[in-house]
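Data block below; observations after.
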Amino acid sequence: MILKQYYLGCLAHASYFLGDEATGTAAIVDPQRDVDQYIEEAEARNMTIGHVFLTHFHADFAAGHLELRDRTGAVIHLGARAEAGYTFEPMRDGDGMNLGSIRLKFLETPGHSPESVCILVYDPEAETAPVAALTGDTLFIGDVGRPDLRASVGWRAEDLAALLYESLHDKLLPETSDETLVYPAHGAGSLCGKNLSTDTVSTMGTQKLYNYALQPMDRETFVRLITADQPEAPAYFTYDAAFNAREHETLDHLLARNLNPLSLDDVLRRAKEGAQVLDTRDAADFEGAHLAGSYNIGLGGQYASWAGTLLNRESPIILVTETGAEEESALRLGRIGFDHIAGYLEGGMRALADRPDLVGRTDRITAASLKDRLDTDDPPPVILDIRSERERKENHIPGSLHVPLNHLEERLEELGAGETVIVQCAGGYRSAMAASILKRHGIHDVMDLVGGLAAWEAAN
């Protein structure tokens, strides 16, 4: 039996290759949208991918079930409560199937979403407790799936939390042993829960000891605990859950159609018509020189998640990238179903060599220089803290203005006219995004605090 985890750090997403070497049969669980790695794994092992399982309609990424269906002929399996725009085999509570000599059992475990399932994997050599549980977003390492993401389609968080309590205590826990390995769909950094561990695998026994949501409690206490203090979900989560439930264009077709080189004049014309220009270079390079009016979201961090948070679904996206990074920039947007890419600026920033009038720059400031300006400037500059509420509560620069990055565009009026604004986040990645948003909206006296709060604290 082969059970291999693939972990995509930028989306904190885990997917799984499950196969039986003796018969050459394999299945993929919760695949990412770019599926080459699974196909290459199967070819290297002389195996055939015959099945693809989605534990639920994921809200934070576009899954690769249609890509695997079209490229390998794999059968798609969804929870029995799922409603989808393509053919699938339902996974009903208590049913199962054989993958060669490997026995699988399905548990319908609604709570994070109505159609959620867990897949129990039984070692061919042992007929007792399952060796592993592929828990999707039902059970994480250190947490459980949040129940509030389906409000837009009529589900109350309290009702789904009550179902999650039953799924965990009446189904998953009784069906597993302390030795059963827990393989979830996400780890730390995902917004599908509020307390996810950096570990990507654990045992059920460890989770019963240390996972706050699995401690002994009644249903009412559980519902209160699970629904409280959930982080704000990005707007694209609702879109992606629906995207995963419908038939849509596959990623290879998308990239072939959308990776078009565009001239500078074409980019300027489309931007004037409302296209969003997205520069995916590192913050330092972007702030040194960029096409005025563009967003900056660097490929070096949680690029796709922030693009889904800050950009809209209606307006086309035009990419400005380092040479050779055009495909990666588009592919990673495709991983969250952002398929509305119009193309990329041919030649990148070299296309602006003869147009200095189109080049924007953002000044950067060190912690020591900021301290000097706070002591001497009258009035002092405004320090804009764009971190989350949770980060802000832990520590912040005294006197700073707090506007979370995901609400910045709607709260620009809180910045006074003519003020010098110094943008600050934890380490510098998000502050460059915020500075680019401010400049897009005509606030030009903007500086980026190099190193963010970490640099400020290091300088005492």
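The values are calculated or read from the model by the stated rules, or taken from the named source; none is laboratory data. Remember, predicted model here, so these are calculated numbers, not experimental data. Cβ: placed from backbone, ideal geometry, glycine included. Neighbour counts: every protein chain shown. Areas reflect the complete protein model, heavy atoms only, side chains present, ligands, DNA and RNA absent. Shrake-Rupley method; radii C 1.70, N 1.55, O 1.52, S 1.80 Å.
When each of Y38, Y86 is tested for being modelled with pLDDT of 95 or more, out of contact with any Phe, Trp or Tyr (no Cβ under 9 Å at 6 or more places or on another chain), within 30 Å of A307 (Cα to Cα) and hydroxyl-bearing (S, T, Y), the lone residue that passes is Y86. Only one entry in E287, E322, E273 is in contact with a helix residue (DSSP H, G or I) (Cβ under 8 Å, 6 or more places away or on another chain), farther than 29 Å from G85 by Cβ, modelled with pLDDT of 95 or more and open to solvent by 10 Å² or more (accessible area, probe 1.4 Å), namely E322. Anything in the stretch 341-359 that is closer than 19 Å to R257 by Cα and either at pLDDT below 95 or β-branched (V, I, T) (or both)? List them, or say none. Answer for the stretch 341-359, where residues must be closer than 19 Å to R257 by Cα and either at pLDDT below 95 or β-branched (V, I, T) (or both): just I341.
For the stretch 241-270, the set of residues classified as hydroxyl-bearing (S, T, Y) and buried (at least 16 other Cβ atoms within 10 Å of the Cβ) consists of T250 only. Residues that are of a type in the set (V, I, T) and open to solvent by less than 10 Å² (accessible area, probe 1.4 Å) were ranked within the stretch 84-140; the one that is farthest from N195 (Cα to Cα) is I102. The number of residues in the stretch 68-81 that are closer than 22 Å to T238 by Cβ and either open to solvent by 10 Å² or more (accessible area, probe 1.4 Å) or over 26 Å from the mean Cα position of the chain (by Cα) (or both) comes to 1.
For the stretch 241-265, the candidate set comprises residues that are in contact (Cβ under 8 Å) with a residue 12 or more places away in the chain and charged (D, E, K, R); within that set, the residue that is nearest to A82 (Cα to Cα) is R246. Of the residues E346, E391, the single one that is acidic (D, E) and either over 32 Å from the mean Cα position of the chain (by Cα) or more than 20 Å from D285 (Cβ to Cβ) (or both) is E391. Count of the stretch 29-65 residues, restricted to those that are in a strand (DSSP E or B) and more than 19 Å from A241 (Cα to Cα), is 4. Checking T227, T221, T238 one by one, the residue that is within 27 Å of I141 (Cβ to Cβ), polar (S, T, N, Q) and either surrounded by fewer than 16 Cβ atoms within 10 Å (Cβ to Cβ) or without any contact (Cβ under 8 Å) to a residue 60 or more places away in the chain (or both) is T221 and no other. For the stretch 333-368, what are the residues that are farther than 22 Å from K272 by Cα and open to solvent by 50 Å² or more (accessible area, probe 1.4 Å)? Matches in the stretch 333-368: D363, R364, T366, A368.
Residues in the stretch 429-439: is at least one touching a residue at least 12 places away in the same chain (Cβ under 8 Å), open to solvent by less than 70 Å² (accessible area, probe 1.4 Å) and part of a strand (DSSP E or B)? Checked the stretch 429-439: no residue is touching a residue at least 12 places away in the same chain (Cβ under 8 Å), open to solvent by less than 70 Å² (accessible area, probe 1.4 Å) and part of a strand (DSSP E or B).
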